[in-house]
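Have a look at the structure below, then the notes.
Bear in mind these aren't lab numbers, they're just calculated from the coordinates by the rules spelled out. Source: prediction; values computed, not measured. Here the Cβ positions follow ideal geometry from the backbone for every residue, glycine too, while neighbour counts run over all protein chains shown.
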Amino acid sequence: MIIHKAMPEVGELVLVRVKKVMPFGAYCELTEYNNHDSYLPIKEVASGWIKNIHEFIKEGQRDVGKVVYIDKEKNSIDISLKKVTKKEGKDKVNDVNLEKRAENLFTQALAEAGMKDKLPELIPELIKKYQSYNDIINLLVDGKDPFEGLKINAKFATAMKEIVAKNIKPKVYTVSYIAQVSVYDTKAGISLIKKAFTAIEKLGVTVLYLGAPRYRMVSEDMSYPKAEERIKHANEILEKELKNSSIEIIKEKINA
């Protein structure tokens, strides 16, 4: 549930429940917006010609729609189902589930702080900076203080931080590369390679020997770009320390 918006915006993805199907459209509820009503024109139900609307939608159906028109004076909203891609629909449902989890964590923190059922009293302060509960959760996961500058009960803020730390672990991105290193200086080759990979490990990159001339370099970080950046620096070290060598690094595919 979005914290503060009374109505969605044009282009926004929304959860809908079909209330009543008519010959040329359907009336729907926007379940995230206190069951605000919306209208689904028949031309927005699906692509192509629709002879019988009942073949495409039914009463009680839940789906993801996209807001295509808003008349603020009449307080009316038109939505579309056909303009929502499968990926958009899947991502929207995932975002809603994350938001529900975030709201549950807020409820737990309020209970621990002795402020049960006081969430509505927090919202006026929270909306000064945030649009969703999950925005706040993400900052807490990153080790930041989302309540700085806000008039938030100290016991609640502490409880919130402790609950998030206990229940949500930061997402860690892993990138892995295979380095194929052939050193032409056979006498000093081993020591040169050892020196180079020792310097690489100091960057926070894990080096695994796979059998000459192959080595695996693994970098992990909560930021994917930072994980990749370490590998870039690792390659620069290899090129600097092993000038008279053949070096090739190949990215490995990691299964999610």
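Annotations
- Where a label projected 7 Å from the Cα of E88 along Cα→Cβ would reach, residues of segment 45-79 with amide N under 19 Å: 45-49, 57, 62-71, 77-79
- Set of aspartates and glutamates with alpha-carbon distance to K100 below 13 Å, sequence-local pairs under 8 removed: E32, D135
- For the pair N75 and E162, a Förster radius of 25 Å applied to the C-beta separation gives a FRET efficiency near 0.05, rounded to the nearest 0.05.
- Among the GluC sites (Glu not before Pro) in segment 99-155, those located in a DSSP loop and surrounded by at most 14 other Cβ atoms within 10 Å of their own Cβ are E148.
- Between K240 and V68, the FRET efficiency estimated from the beta carbon spacing at R0 = 51 angstrom works out to 0.35.
- Short-range pairs are left out: with C-alpha atoms under 8 Å and at least six residues apart, the relative contact order of segment 170-256 is 48 percent.
- Sites matching trypsin sites (Lys or Arg not before Pro) across segment 1-69 that sit in DSSP coil, with at most 11 neighbouring C-beta atoms within 10 Å: K51, K58
- For segment 13-84, the relative contact order is 35 percent, taking Cα pairs closer than 8 Å that sit 6 or more residues apart in sequence and dividing their mean separation by the residue count.
- Mean shadow area of the chain, taken as a quarter of the surface of its Cα convex hull (nm²): 20.5
- Computed over segment 106-256: relative contact order in percent, which uses C-alpha pairs under 8 Å that are six or more apart: 25
- Positive-pole candidate from N97, V218, I53, dipole of the chain, charges at beta carbon: V218
- Between segment 199-244 and segment 108-132, the C-alpha centres lie 45 angstrom from each other.
- Inter-label distance for E228 and L208, nm, one decimal - labels placed 7 Å from Cα along Cα-to-Cβ: 2.2
- Cα pair distances exceeding 14 angstrom across segment 173-251, given as percent: 57
- 16 Å reach of a label modelled at K51, 7 Å along Cα-to-Cβ, counting backbone N of segment 14-38: none
- Within a Gaussian network of the chain (alpha carbon springs, distance under 10 Å), most fluctuating of K83, K243, K166: K243
- Size descriptors for segment 116-195 (Cα atoms only): Rg and Dmax, in that order, 23.8, 74 Å.
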